[in-house]
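Heads up: the structure comes next, in structure tokens.
Every number here is computed from the coordinates shown, using simple stated rules; none is lab data. Every value quoted in this text rests on a predicted model; they were computed, and no experiment measured them. Neighbour counts run over all protein chains shown; Cβ positions are idealised from the backbone, glycine included.
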């Protein structure tokens, strides 16, 4: 079963989302445990980037293996090698291809086989004709068998209500040990779906106690800039640490947050004074780079930056308004000199963006009169 593992690849500068699962490759008579990557654009990578149809051919030729011979040699690169003894497999080429197709549907936000089945079941429950039951049963059986048990997302009942509902009174489910569906079985399954419908309706109208679980404002991208002079209306550029918005901290004046940060990072008073008065933030950083950091600086720097940002937006209300106007958006901050402070196309930790979001939340709390913390 393919889970919720997240990956991506880049094609022509576009990020293609994907996911992955383990798989075996048979090459030169040996079986190799490797990773099977599935991407939203319909390509599959298992030692080679191919279409789903080409991947299906690899399965049928046995190059991607789903069954294993007694005594077959196997290995996981750099980890271990072994021989199969009494091997069992729970998947077939057909099931694996079906899972891959379902995964591509989910990556694109389309209903997969489970979603199509549940839609067919809703249609049957709204109009209980044998024609609609037959369509629901066909949709249910189209779910890969490895996923049917989890179609309802109910770890207690599994798919019992589904298989009973689509079989109907006197019918047979796809599991031989179920036996013939009785009227009591069927009524219990109907009761399950009626209760499920009420729960879904309540959930759809309920409001989370702590507010929306997802953001609703578009992300704000603070691209790398090199501002030298303050502007009358700087807009989002004013949110960057190197924007020339002077601040006073502990009776010392700094030309920007960046100036203050680099000055506080060094011990020597003369160097600190020179950094504070440097013409640009870039010059301040260069001076700081030539001096030793204060002991423990790497562990204290986020606390220092937080204090400096609070000072900036307290002392520059007009820039606080710019920050507040970003609402609850993710702040993506680029810093070509630091993968710690910058996002840098997803390669960095984006601490600058994260701390701006924190200070923004504090400003919102203050404006709403939420105090006591």
Item checked: Selection within the stretch 295-335 - under 30 Å from the mean Cα position of the chain (by Cα) and part of a loop (DSSP other than H, G, I, E, B) -> 325, 326, 327, 328, 329, 330, 334, 335
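Going through 107, 95, 79 one at a time, which residue ends up being in contact with a helix residue (DSSP H, G or I) (Cβ under 6 Å, 6 or more places away or on another chain) and over 18 Å from residue 153 (Cβ atoms)?
Every option except 95 fails the conditions.
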Checklist line | Candidate set: the stretch 169-184, residues that are over 40 Å from the mean Cα position of the chain (by Cα) and surrounded by 13 or more Cβ atoms within 10 Å (Cβ to Cβ); chosen: the one farthest from residue 147 (Cα to Cα) | finding: 169
Check: Considering only the stretch 317-339, how many residues are more than 24 Å from residue 233 (Cβ to Cβ) and without any contact (Cβ under 8 Å) to a residue 12 or more places away in the chain?
Finding: 2
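State which residue is surrounded by the fewest Cβ atoms within 10 Å (Cβ to Cβ) when the search covers only the stretch 22-42 and only residues that are without any contact (Cβ under 8 Å) to a residue 24 or more places away in the chain and under 20 Å from the mean Cα position of the chain (by Cα).
Here is the first cut: in the stretch 22-42, the ones without any contact (Cβ under 8 Å) to a residue 24 or more places away in the chain are 22, 28, 35.
Now narrow it down to the ones that are under 20 Å from the mean Cα position of the chain (by Cα): 22, 35.
Values: 22: 10, 35: 13.
Out of the qualifying residues, it is 22.
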Next item on the list: Would you mind stating whether residue 59 is touching a residue at least 40 places away in the same chain (Cβ under 8 Å) and either in a strand (DSSP E or B) or touching a helix residue (DSSP H, G or I) at 6+ places or on another chain (Cβ under 7 Å) (or both)?
Entry: no
Margin query: Please count how many residues of the stretch 256-278 are closer than 22 Å to residue 313 by Cα and either touching a residue at least 24 places away in the same chain (Cβ under 8 Å) or not in a loop (DSSP other than H, G, I, E, B) (or both).
Written below: 12
